[in-house]
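Notes to accompany the following structure.
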Amino acid sequence: MPSNINVKRLNSKDAGFRETLLSSLSLPTADDEAIDAAVVKILAAVKAQGDEAVLGFTKQFDRLNIASVCDLEIPRKDLELAYSSLSSEQKNALDIAAQRVRAYHEHQKIEAGCHSWEYEEKDGTRLGQKVTPLDRVGIYVPGGKAAYPSSVLMNAIPAKVAGVAEVIMVVPTPDGARNPLVLAAAYLAGVDRVFTIGGAQAVGALAYGTKTIPSVDKIVGPGNAYVAAAKRRVFGIVGIDMIAGPSEILVLCDGSSNPDWVAMDLFSQAEHDEQAQSILLCPDASYIEQVQASINKLLPEMPRAKVIETSLTNRALLIQVKDMSEACEIADAIAAEHLEICAADPRKWADQIRHAGAIFMGNYTSESLGDYCAGPNHVLPTARTARFSSPLGVYDFIKRSSMIEVSEAGAQTLGAVASTLAHGEGLQAHARAAEMRLKR
């Protein structure tokens, strides 16, 4: 029996449309202070008490009755065993996904400037950049409501492609339930150590280090609101990739696509959690009605129908626009995590987009392919941060050092310039350091 959801409608012609749209993109923040206060206490305890605090919080939140944090580490042989125990279908799917993710990031390493370079000037001065991978990285993989082997691949593989020496993975296992696909993905991706801990306490352990869990240089990977708050708090002690919010999908459609496909693509993000957001932009009012009908027709078939229904009811938008050009302008204002362009000429419209985490072009490019096996990373900026942030990539696991070797001849020219500027700033020692190398 069809459902009867009426997804919120907007029209770009309506007065106050932009204000209504932007307010619809924001999330309520009533719980933020309470979450942050709890996270502060957890991080302080982990910093002060180390393993003891991690053990206590893991017993409290994940209901694990263990004697030592050492018992929370999964040996490498168990990861291999998890991989071996998969069905041939699961193993093949995981292999293909890992190969494609690795191949994409190998290309990215070459094309995105993730390598050292230098050049020489006429006077013999040499300038350049030295690129080195991070020493140790922590990856957070969600557990609890769902398990995500794809997140293991997307976080660990680019780190290994970058040359990170040691990847430490943390994943919560409430009530001791370990997902074999997650462990198998860790084996395939080359994760070095795995600890079954989660939440803010896991972030704290990775940031500060304990007797058992080593501190890392950077923490990447999505988590719940407590994980996000903890990552924000430890930034500066360690690097972080981004503060991830609820998942988002924005579909730009010219009305030529199968409405069932578009409805299911909207479901694909709504099923993540109740705060996920799904938006359709389309100039064709009758097509929007078709998508609404498809939503009501298909929803009862979905195992996670209640989650999808809550997400669509509270946060989804069906927006009628003047034309596809205006749709692109509005899409840039939304700056969505996932942007699908379901249109006859998707690249035409993609050329007009400036802000999106990932752009999926054409009717056959469902967002779900990007989540699992297309190759590009699925860790993407959310909550409009695509205006200034990028997907996770090899470049997140390297750092750059400037290389400067000034020749004797070069010091004569540059020394005079530096001396003048340093005196102008009132920094005489700077000036003198340059002047002492000048030939008189």
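A few comments on the model shown:
- Residue match in the stretch 379-397 (condition: touching a strand residue (DSSP E or B) at 6+ places or on another chain (Cβ under 7 Å), modelled with pLDDT of 95 or more, among the β-branched types (Val, Ile, Thr) and outside the structural domain of ASP254 (by TED's automatic domain parsing)): no
- The one condition in (1) under 17 Å from VAL101 (Cα atoms); (2) within 20 Å of the chain's Cα centre (by Cα) that ALA184 fails to fulfil: (2)
- Single condition CYS114 does not satisfy, out of (1) part of a helix (DSSP H, G or I); (2) surrounded by 12 or more Cβ atoms within 10 Å (Cβ to Cβ): (1)
- Qualifying residues in the stretch 335-345 (those that are outside any strand (DSSP E or B) and either among the aromatic types (Phe, Trp, Tyr) or buried (at least 24 other Cβ atoms within 10 Å of the Cβ) (or both)) - the one farthest from the chain's Cα centre (by Cα): ALA335
- Helices (runs of 4 or more DSSP H) (entirely within the stretch 1-102) containing at least 1 residues that are of a type in the set (Val, Ile, Thr), surrounded by fewer than 17 Cβ atoms within 10 Å (Cβ to Cβ) and out of contact with any strand residue (DSSP E or B) (no Cβ under 8 Å at 6 or more places or on another chain): 32-49
- Matching residues, the stretch 183-197, being within 26 Å of GLY50 (Cα to Cα) and in a helix (DSSP H, G or I): LEU183, ALA186
- Helices (runs of 4 or more DSSP H) contained entirely in the stretch 224-322, each with at least 1 residues that are closer than 25 Å to LEU27 by Cα and touching a Gly at 6+ places or on another chain (Cβ under 8 Å): 225-234
- GLY370 surrounded by 14 or more Cβ atoms within 10 Å (Cβ to Cβ), among the small types (Gly, Ala, Ser), modelled with pLDDT of 95 or more and assigned to a loop (DSSP other than H, G, I, E, B): no
- Residue pairs whose Cβ atoms lie under 7 Å apart, separated by 6 or more positions or on different chains, with the first residue in the stretch 414-433 and modelled with pLDDT under 95 and the second surrounded by fewer than 12 Cβ atoms within 10 Å (Cβ to Cβ), do not occur.
- Within the stretch 291-312, being buried (at least 18 other Cβ atoms within 10 Å of the Cβ), over 16 Å from LEU280 (Cβ atoms) and in contact (Cβ under 8 Å) with a residue 60 or more places away in the chain holds for one residue alone: GLU309.
- Check on VAL251, closer than 20 Å to HIS355 by Cβ, of a type outside the set (Phe, Trp, Tyr) and under 26 Å from the mean Cα position of the chain (by Cα): yes
- Taken across the stretch 214-236, residues that are in contact with an Asp or Glu (Cβ under 7 Å, 6 or more places away or on another chain), touching a residue at least 40 places away in the same chain (Cβ under 8 Å) and among the hydroxyl-bearing types (Ser, Thr, Tyr) do not occur at all.
- Look at the stretch 368-385: where a residue is basic (Lys, Arg) and a partner is crowded, with 19+ Cβ neighbours inside 10 Å, sitting 6+ places away or on another chain with Cβ atoms under 8 Å, you get ARG384/ILE334; ARG384/ALA335.
- The set of residues from the stretch 417-440 being loosely packed, with under 13 Cβ neighbours inside 10 Å and among the small types (Gly, Ala, Ser) comprises GLY424, GLY426, ALA429.
The values are calculated or read from the model by the stated rules, or taken from the named source; none is laboratory data. The model shown is predicted, which means the values in this text are computed figures rather than measured ones. With ideal geometry, Cβ positions are generated from the backbone for all residues, glycine too; neighbour counts draw on all protein chains shown.
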